[in-house]
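Here is the structure we will look at, set down as structure tokens.
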There are 2 protein chains.
Amino acid sequence: MSVKVITVSREFGSGGRTVGKEVAERLGWAYYDKELVKKIAAESGLAESYILESGEYACSTNSFLFSWVMNAAGGYNGTLPMSDQLYIIQNNIIKDLADKGHCVIVGRCSDYALRDRDDCLHTFIHADKAMRADRIVRLYGERTDTPEKRLKEKDDKRRAYYRHYTGRIWGAAENYHICLDSGKLGIERCVDIIVDAARERVGD
Amino acid sequence: MSVKVITVSREFGSGGRTVGKEVAERLGWAYYDKELVKKIAAESGLAESYILESGEYACSTNSFLFSWVMNAAGGYNGTLPMSDQLYIIQNNIIKDLADKGHCVIVGRCSDYALRDRDDCLHTFIHADKAMRADRIVRLYGERTDTPEKRLKEKDDKRRAYYRHYTGRIWGAAENYHICLDSGKLGIERCVDIIVDAARERVGD
């Protein structure tokens, strides 16, 4: 079976997004990260900034506001809370993108959305806290006095979101075909491993 | 940092042992699996067959018997339950083996025993249940009517043992540098990925 789609899940600050982007560039495949947010925004009628901030961590957001916005956009059926509705839209967009052609999709439970497709390679990028804390201060400009707290907040939200919508444990190896420690291996080796695996036939 | 030691943790039936053995052969490194059991037997005074069957799943075994055997061997201090004493012996042997030279060590919480060494590459091999069920029937001669039950029993025991002695979650990606799905990727690609990573400098 040829690999057609690669999903990249990642711990905050691990460089997973960079890995995904470089994998897509090396393979010449489409790359969906911010592009995915744009599509969700277009489909839902919500602002990109809102989806970027709240969409991935939507368990506790205000369902009244969402109902109102979605009604205004003509896209809300009045029965589901905001986060569920947004998840469904996102899920359908991910499936459509996978149908379109070779691509790399970062985050948003894309591994779960595409779990029944045999032509996907699901990856998870993580790293130890010290490397990630250093990275988010150096590259993202996070405050230097509390990078560990920021890491914990972001990871906890991703974990809770993933658990809520998939019933699975975020970062459990069994959910992914390849999990890599980018701190130990380096970003470039992570890219190499995933690109090489994607170029081979898998699961035959 | 050059890699000196590779640990291989694995789901039952995933082919993790085969991966470890082939990695060791390809690198020309020592391979500790049954050899490790022999050393634990020599150190503890217990039979290899006993360690092989019970040692890795020792949380609920009979401490009276162990006290008696260990006393007879002159190695038991009378204060710890059997499983703890056996774990300590095993832990020390793993550390000694890692000190001796380049090697691959399979199972027995070796990733945790060597967690503070920067020259180790910790790997986890897993696969979906269908692949593993097929494999244990075909290669291990397990009973064909209940392979899934057998998988669950073995995995549950390994999970409980790992949790008990390390406080960590077995199979959580964060505990390992490389986690691979041998069913999706194939045994040979798993070997390639680990061998290639071991030949590079890591964590620099």
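In nanometers and ordered shortest first, the copy-to-copy spacing of the A:Gly45 label point, defined 7 Å from Cα toward Cβ, is 7.9. By Cβ position, the chain A residue that hugs the axis carrying A onto B most closely, with its distance in whole Å, is A:Cys179, 2.
Using the Cβ of B:Gly15 as centre and a radius below 9 Å, the other residues enclosed give a net charge of +4, where K and R count +1 and D and E count -1. Among the listed pairs A:Lys39/B:Lys129; A:Lys129/B:Lys95; A:Lys154/B:Lys152, those with a Cα-Cα distance over 30 Å are A:Lys39/B:Lys129; A:Lys154/B:Lys152.
Ordering B:Met82, A:Met1 from the fewest to the most neighbouring beta carbons within 10 Å gives A:Met1, B:Met82. Taking Lys and Arg as +1 and Asp and Glu as -1, the other residues whose beta-carbon sits under 11 Å from that of B:Asp196 total 0.
Across the identical copies, the label point of B:Glu200 (7 Å from Cα in the Cβ direction) is separated from its matches by 1.6 nm, in order from shortest. Counting from the shortest, the label point at B:Lys157, 7 Å from Cα toward Cβ, is 4.4 nm from the same position in each remaining copy.
Values quoted throughout were computed directly from the atomic coordinates according to the rules given, and no laboratory measurement underlies them. What you see is a predicted model; the values in this text were computed from it and never measured. Counting neighbours? That spans all protein chains shown, and the Cβs are built from the backbone with ideal geometry, glycine included.
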